[in-house]
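Asks: Before I ask anything, let me first share the structure, which is written out below as structure tokens.
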Amino acid sequence: MKNFFVLLLVLSFGRLAVAGVDISGEYRFREWNNLTNSSGRSDDSRFTLGASFREGDSLMAHLSLIANSSGLVEASEAYGVWNFADAFELKFGNFSMDWANGTVFASNSWEAAPTVFNNSVSLAYDAGMIKVTYAELDRTEGNALTTAVGVDFMSLPAVAKTVHLFYVKQDTLSKYGAVVAGNVDILSYDLTYASDKDGKRKASMMHAKVGVDVAGMGKVVGTYHKDKDGYSPLSYDKHANAGLMDQYQWGDVDGLAYYTVGYVHSLNDASAAGVFYNAFKNANGDKLGTEIDVYASHKYNDVLVATARYGKHTPEDGKAFNQWMVGLTLNF
């Protein structure tokens with residue numbers, strides 16, 4: 001079966017070699033400095049090159065290559081897409097997935113290497129107001145096959161504009177849940193609930209995000225999260241959750257609960273700044289620590305993005321940890 005999908009992908013590239021080609025790329029450099037420890041300096045860089053080959057509206061093949069700071073060049077994504085009938089799409093190969101606002105599956109593009117499911121296939125039916133997706137991920141021999149089913153309801157009334165239902169089966173783990181998102185005047189929100197079962201173990205997760213637009217100023221944001229009983233987070237978006245310093249992750253054996261309050265201000269179309277306060281504890285209520293994140297970013301000519309961030313993590317027991325991060329991203 002693996003060779004079958006590889007053959008389909010090769011044929012897709014060969015057939016589309018004379019079709020329209022879209023080329024895109026990104027170069028990213030980041031440096032971290034630990035102000036508490038003078039030897040705590042690190043950096044990384046990554047160059048990503050993507051090419052999409054298209055023929056009409058029904059066939060597309062995509063290839064992404066990544067060269068990292070160690071000099072290694074590898075294929076990140078390599079997949080084909082076939083729209084074989086109205087509203088039907090077949091996708092096969094190696095690709096990333098983003099489900100449930102990054103709380104179940106996410107590409108994790110912040111990491112040096114994005115999360116990619118190899119030798120995978122997905123079939124989607126999109127009727128406009130409803131979309132149904134079935135996927136079999138990581139079909140490589142010897143790995144635990146992940147089967148996923150998602151149903152999206154879209155273009156609903158603004159108060160609950162989108163609803164996403166999902167079910168995931170991975171080896172002995174079964175997971176189901178829902179995401180509801182909407183907006184009312186200046187208020188926007190999305191709520192996620194997930195429950196999983198693995199043998200005798202049962203666990204759950206809830207995640208809520210709220211934003212309030214302040215006219216002429218910016219946006220006040222808040223997040224509350226709680227997971228417990230050894231919840232399995234799969235490939236959720238790690239950097240976008242639980243603080244920008246990445247000190248905590250979902251699914252700890254003692255569970256994780258935290259809240260975030262912040263303010264984001266867009267100075268103009270090219271510049272933005274924000275500040276966030278995070279407080280963490282485990283599911284039993286024991287305090288773990290706090291984190292403050294301050295960042296500013298500016299985009300030059302819609303091509304170069306410069307970002308600076310300061311973070312301070314204060315554990316409940318121990319010394320505070322201070323960190324600067326600067327990053328440059330060049331897109332073309």
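Asks: Taking only pairs six or more apart or across chains, which ones have beta-carbon atoms under 6 Å, a first residue in segment 114-141 that is touching a residue at least 40 places away in the same chain (Cβ under 8 Å) and more than 20 Å from GLY93 (Cβ to Cβ), and a second residue that is surrounded by fewer than 15 Cβ atoms within 10 Å (Cβ to Cβ) and among the small types (Gly, Ala, Ser)?
Replies: ALA127/ALA87
Asks: OK, next. Tell me the residue from ASP246, ASP213, ASP237, ASP227 that is of a type in the set (D, E, K, R), assigned to a loop (DSSP other than H, G, I, E, B) and without any contact (Cβ under 8 Å) to a residue 60 or more places away in the chain, please. Break it down stepwise before answering.
Replies: Working: ASP213 fails: assigned to a loop (DSSP other than H, G, I, E, B); ASP237 fails: without any contact (Cβ under 8 Å) to a residue 60 or more places away in the chain; ASP227 fails: assigned to a loop (DSSP other than H, G, I, E, B).
Exactly one residue qualifies, and that residue is ASP246.
Asks: How about segment 251-269: which of its residues are assigned to a loop (DSSP other than H, G, I, E, B) and at pLDDT 95 or above? Walk me through it before giving the result.
Replies: At the first step, the residues of segment 251-269 found to be assigned to a loop (DSSP other than H, G, I, E, B) are 251-255, 267-269.
Within segment 251-269, none qualify.
Asks: Sort through ASN268, ASN284, ASN322 and tell me the only one that's of a type in the set (S, T, N, Q) and under 22 Å from ASN33 (Cα atoms).
Replies: So the residue among ASN268, ASN284, ASN322 that is of a type in the set (S, T, N, Q) and under 22 Å from ASN33 (Cα atoms) is ASN322.
Asks: In the set HIS313, HIS265, which member is surrounded by 13 or more Cβ atoms within 10 Å (Cβ to Cβ), farther than 24 Å from SER107 by Cα and in contact (Cβ under 8 Å) with a residue 60 or more places away in the chain?
Replies: Working: HIS265 fails: in contact (Cβ under 8 Å) with a residue 60 or more places away in the chain.
One residue alone meets the criteria, HIS313.
Asks: Please go through segment 170-189 and pick out each residue that is part of a strand (DSSP E or B) and farther than 30 Å from ALA215 by Cα.
Replies: First pass over segment 170-189, keeping only residues part of a strand (DSSP E or B): 170, 173-184, 187-189.
Hits for segment 170-189 are GLN170, LEU173, SER174, LYS175, TYR176, GLY177, ALA178.
Asks: From the list ALA194, ALA160, ALA178, which residue is surrounded by fewer than 16 Cβ atoms within 10 Å (Cβ to Cβ), at pLDDT 95 or above and either more than 20 Å from the chain's Cα centre (by Cα) or of a type in the set (A, V, I, L, M) (or both)? Break it down into steps so the answer makes sense when it comes.
Replies: Details: ALA194 fails: surrounded by fewer than 16 Cβ atoms within 10 Å (Cβ to Cβ); ALA160 fails: at pLDDT 95 or above.
Only one candidate qualifies: ALA178.
Asks: Sticking with this structure for a sec: Go through (1) surrounded by fewer than 20 Cβ atoms within 10 Å (Cβ to Cβ); (2) on the phi < 0 side of the Ramachandran plot for MET97 and report which single condition fails.
Replies: (1)
Asks: If you check every pair at least six apart or on different chains, which have Cβ atoms under 7 Å apart with a residue in segment 170-189 that is within 16 Å of VAL104 (Cβ to Cβ) first and a residue that is of a type in the set (Val, Ile, Thr) and in a strand (DSSP E or B) second?
Replies: From residues that are within 16 Å of VAL104 (Cβ to Cβ), the pairs are GLN170/THR146; LYS175/VAL168; GLY177/THR192; ALA178/VAL163; VAL179/THR192; VAL180/VAL163; ALA181/THR162.
Asks: Further, regarding this structure: Any chance you could count how many residues in segment 46-56 are closer than 21 Å to TYR27 by Cα and surrounded by fewer than 16 Cβ atoms within 10 Å (Cβ to Cβ)?
Replies: In the first step, residues of segment 46-56 are kept if they are closer than 21 Å to TYR27 by Cα; the result is 46-52.
So of that shortlist, the ones also surrounded by fewer than 16 Cβ atoms within 10 Å (Cβ to Cβ) come out as 51.
Matching residues across segment 46-56 total 1.
Here is a yes/no grid of residues against (1) buried (at least 19 other Cβ atoms within 10 Å of the Cβ); (2) out of contact with any Leu (no Cβ under 9 Å at 6 or more places or on another chain):
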| site | (1), (2) |
| --- | --- |
| ASN83 | no, no |
| GLU89 | no, no |
| GLY93 | yes, no |
| VAL104 | yes, no |
| ASN108 | yes, yes |
| ASN118 | no, no |
| SER122 | yes, no |
| MET129 | no, no |
| ASN143 | no, yes |
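One line per residue, one yes/no per condition, for (1) closer than 19 Å to GLY327 by Cα; (2) at pLDDT 60 or above:
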position: VAL10; (1), (2): no, no
position: ARG30; (1), (2): yes, yes
position: ASN33; (1), (2): yes, yes
position: GLY40; (1), (2): yes, yes
position: ARG46; (1), (2): yes, yes
position: ALA51; (1), (2): no, yes
position: ARG54; (1), (2): no, yes
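Asks: While we're here: Residue under question is TYR295, and the condition is that it be farther than 28 Å from GLY230 by Cβ, of a type in the set (Ser, Thr, Tyr) and surrounded by fewer than 18 Cβ atoms within 10 Å (Cβ to Cβ); does it hold?
Replies: Numbers: farther than 28 Å from GLY230 by Cβ: yes; of a type in the set (Ser, Thr, Tyr): yes; surrounded by fewer than 18 Cβ atoms within 10 Å (Cβ to Cβ): no.
No, not satisfied.
Asks: Then there is this: For residues in segment 252-261 being surrounded by fewer than 17 Cβ atoms within 10 Å (Cβ to Cβ) and touching a residue at least 24 places away in the same chain (Cβ under 8 Å), which is farthest from ALA100 (Cα to Cα)?
Replies: Filtering segment 252-261 down to residues surrounded by fewer than 17 Cβ atoms within 10 Å (Cβ to Cβ) leaves 252-254, 259, 261.
Still in the running and touching a residue at least 24 places away in the same chain (Cβ under 8 Å): 252, 254, 259, 261.
On the way: ASP252: 20, ASP254: 24, TYR259: 19, VAL261: 22 Å.
Result: ASP254.
Asks: Among the polar types (S, T, N, Q), closer than 19 Å to LEU330 by Cβ, assigned to a strand (DSSP E or B) and at pLDDT 90 or above: does that describe SER76?
Replies: On the way: among the polar types (S, T, N, Q): yes; closer than 19 Å to LEU330 by Cβ: yes; assigned to a strand (DSSP E or B): yes; at pLDDT 90 or above: no.
So SER76 fails the test.
The values are calculated or read from the model by the stated rules, or taken from the named source; none is laboratory data. Just so it is clear, the model here is predicted, and its values are computed rather than measured. Methodologically, a virtual Cβ is constructed for each residue, glycine included, from the backbone with ideal geometry; neighbour enumeration extends over all protein chains shown.
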